[in-house]
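Read the structure below first, then the notes.
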Amino acid sequence: MKRAGRTTPTRRAGTAERRDAVRISRVQAADMPYVVALDRRVTGIAKKAYWQSLFALYGKPRLSGRFFLVARRTDGRGEPILGFIIGEVRAWEFGSAPCGWVFGLSVHPEARLAGVGGAMFDAITAEFRRAGVKKMRTMVARDDLLPLRFFRSEGMMAGPYIQLEMDLD
Ligand SMILES: CC(C)(COP(=O)(O)OP(=O)(O)OC[C@H]1O[C@@H](n2cnc3c(N)ncnc32)[C@H](O)[C@@H]1OP(=O)(O)O)[C@@H](O)C(=O)NCCC(=O)NCCS
């Protein structure tokens with residue numbers, strides 16, 4: 001059965017053109033202030049130390065299946081970084097064969113609905129494929145419809161795992 005979402009040619013034609021308007025590449029040290037500012041604007045929480053450690057762990061070229069990519073605007077105007085996506089290949093967690101996990105994704109509020117998120121999704125998907133994994137996963141809050149809609153539109157669907165948690169008082 002054909003999957004709905006990003007593989008449907010008519011629906012994706014315009015989006016593919018828009019996605020070509022940004023350049024996706026590995027994060028550089030000079031990008032980090034923009035990444036930190038973007039995350040602060042989107043989440044309302046400043047986490048400079050967290051971002052420093054993420055850059056140290058994920059900013060190195062193709063280090064151990066870790067990917068920290070940014071979307072750069074190509075017109076040279078305004079904020080140079082329009083978004084970021086972070087993920088890694090994780091092996092044998094929860095009994096799962098190696099797969100790619102996306103655990104960070106954000107697009108500048110003024111750059112949304114223009115294909116930036118999709119372009120970054122495509123780029124990290126390609127990195128995971130090159131790393132040799134056949135499956136990609138992420139996790140979203142069930143009441144957070146925006147990322148749910150986004151990931152669903154990219155072809156992702158509910159997986160076979162259930163997340164469990166409890167309070168540690
Ligand atoms: C989710 C997010 C990354 C999407 O980025 P984006 O650049 O706007 O996404 P795109 O323009 O590539 O959209 C791709 C598809 O996602 C879906 N989508 C994106 N935003 C949507 C919205 N507001 N409402 C409904 N569908 C939406 C659409 O199907 C869209 O395809 P279409 O334009 O062909 O209809 C961005 O909204 C964001 O940063 N949100 C806040 C942070 C967040 O939720 N991060 C993800 C969880 S960690």
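Computed from the coordinates by the stated procedures, all read-outs in this text should not be read as laboratory data. These numbers were taken from a predicted model, which means no experiment stands behind them. All Cβ positions, even for glycine, are placed from backbone atoms using ideal geometry, and neighbour counts span all protein chains on display.
A few comments on the model shown:
- Panel order for 146, 82, 105, by other beta carbons found within 10 Å of each beta carbon, from fewest to most: 146, 105, 82.
- Computed over the stretch 36-80, the alpha-carbon pair-distance distribution with 10 angstrom bins reads 24, 41, 33, 2, each value a whole percent.
- 5 Å binning of all Cα-Cα separations within the stretch 89-169, expressed as whole percents from 0 upward: 3, 12, 22, 23, 19, 12, 6, 3, 1
- Neighbour count of at most 16 Cβ within 10 Å plus DSSP loop: longest trypsin sites (Lys or Arg not before Pro)-free window in the chain: 4-46
- Compared with the alpha-carbon gap, the fully stretched path from residue 152 to residue 37 is longer by 38.7 nm at 0.36 nm per residue.
- Taking the helices alone, the chain has a mean residue ellipticity at 222 nm of -10500 deg cm²/dmol, built from -39,500 (n - 2.57) per DSSP H run of at least 4 residues and averaged over all its residues.
- Per residue Cα convex hull volume in Å³ - calculated over the chain: 151
- Separation of alpha-carbon centers, the stretch 24-43 and the stretch 104-133, rounded to whole Å: 14
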